[in-house]
Amino acid sequence: MIKIAPSLLSANFAYLADEIKKVEAAGADLLHLDIMDGHFVPNLTFGPPVIAALRKVTKLPFDVHLMVTNPQELIEPFVQAGADILTVHAETAPHMHRLIQTIKASGVRAAVSLNPATSLTTIEEVLSDLDMVLIMSVNPGFGGQQFIPESINKIKRLRQLIESRNLKIDIEVDGGINKTTARTVVDAGATILVAGSAVYGAPDVTKAIQDLRGLS
Ligand code: DX5
Ligand code: ZN
């Protein structure tokens, strides 16, 4: 079963608790939280105090996507705040092996994300340590961008690599996911879909989530 992770980035920030309860009631599997530092990406969002406050209003697992230049220093604060999965960007991690071990030692699931221009080879040596790989299908920084079609081939190659090594690793895809692109990335091997505008921009959130799952 495909998992759907609505991205809070497209929610109304004046009503975060309500916006989370809305997607929880609509059948979301995870809540995707985009952390942007204004350095690695040209945008700013929120940090551990906001996540800690939101942890009290929902049971949804927190899928925290760290788009920050210094992930190593931020692992502990985000774990303390209530993250369940921590995703760091390969482009920010010269000591990726150590970073992954730090995340796992803190008791949460570890994932690495790749920008559209970043090769799968950057994670080949650490793949067996990962719980999930996040393939960016837009350049990170903003919601509502257009899906980059070249991502499909990358997802297929990653799926083959995972199968050839007999690993159990989720492939999450983030950026420009809608009813149409959802089908192509699932066919390519994705297991978790992030969707911001396709969920929060929809008039009927329950239907939007079912559409992404391929149930309607
Ligand atoms: C982009 C973020 C995404 C974003 C996706 O940098 O990582 O999670 O919220 O938004 P949509 O689904 O609208 O492309
Ligand atoms: Zn994201």
Quiz item: Looking at Ala188, Ala198, which one is within 30 Å of Ala14 (Cα to Cα) and out of contact with any His (no Cβ under 6 Å at 6 or more places or on another chain)?
Solution: Ala198
Practice problem: Hey, could you check segment 63-81 for residues that are buried (at least 22 other Cβ atoms within 10 Å of the Cβ) and under 18 Å from Ser7 (Cα atoms) and say which is farthest from ligand 1 (Cβ to nearest atom)? | Solution: Phe78
Quiz item: Filter segment 10-34 for residues that are open to solvent by 40 Å² or more (accessible area, probe 1.4 Å) and farther than 15 Å from Val205 by Cβ; which is farthest from ligand 2 (Cβ to nearest atom)?
Solution: Ala14
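Answer with yes or no whether Gly214 is under 13 Å from the mean Cα position of the chain (by Cα), small (Gly, Ala, Ser) and open to solvent by 30 Å² or more (accessible area, probe 1.4 Å).
Answer is no for this residue.
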Self-check item: Residue tally, condition open to solvent by less than 50 Å² (accessible area, probe 1.4 Å), more than 20 Å from Ala14 (Cα to Cα) and not aliphatic (A, V, I, L, M), over segment 41-61
Solution: 1
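Each row is one residue, and each column tells you yes or no for (1) under 16 Å from Val199 (Cα atoms); (2) in contact with a Leu (Cβ under 8 Å, 6 or more places away or on another chain).
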| position | (1), (2) |
| --- | --- |
| Ala5 | yes, yes |
| Asp18 | yes, no |
| Lys21 | yes, no |
| Gly27 | yes, no |
| Val41 | no, no |
Exercise. Can you tell me which residue within segment 198-211, out of those that are away from ligand 2 (no atom under 16 Å from the Cβ) and assigned to a loop (DSSP other than H, G, I, E, B), is most open to solvent (accessible area, probe 1.4 Å)?
Key: Pro203
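The values are calculated or read from the model by the stated rules, or taken from the named source; none is laboratory data. Computed from a prediction, not measured in an experiment: that's the story for all the values here. We place every Cβ from the backbone using ideal geometry, glycine too, and count neighbours over all the protein chains shown. Please note that ligands, DNA and RNA were not included when accessible areas were found on the heavy atoms of the full protein model with its side chains. Shrake-Rupley method; radii C 1.70, N 1.55, O 1.52, S 1.80 Å.
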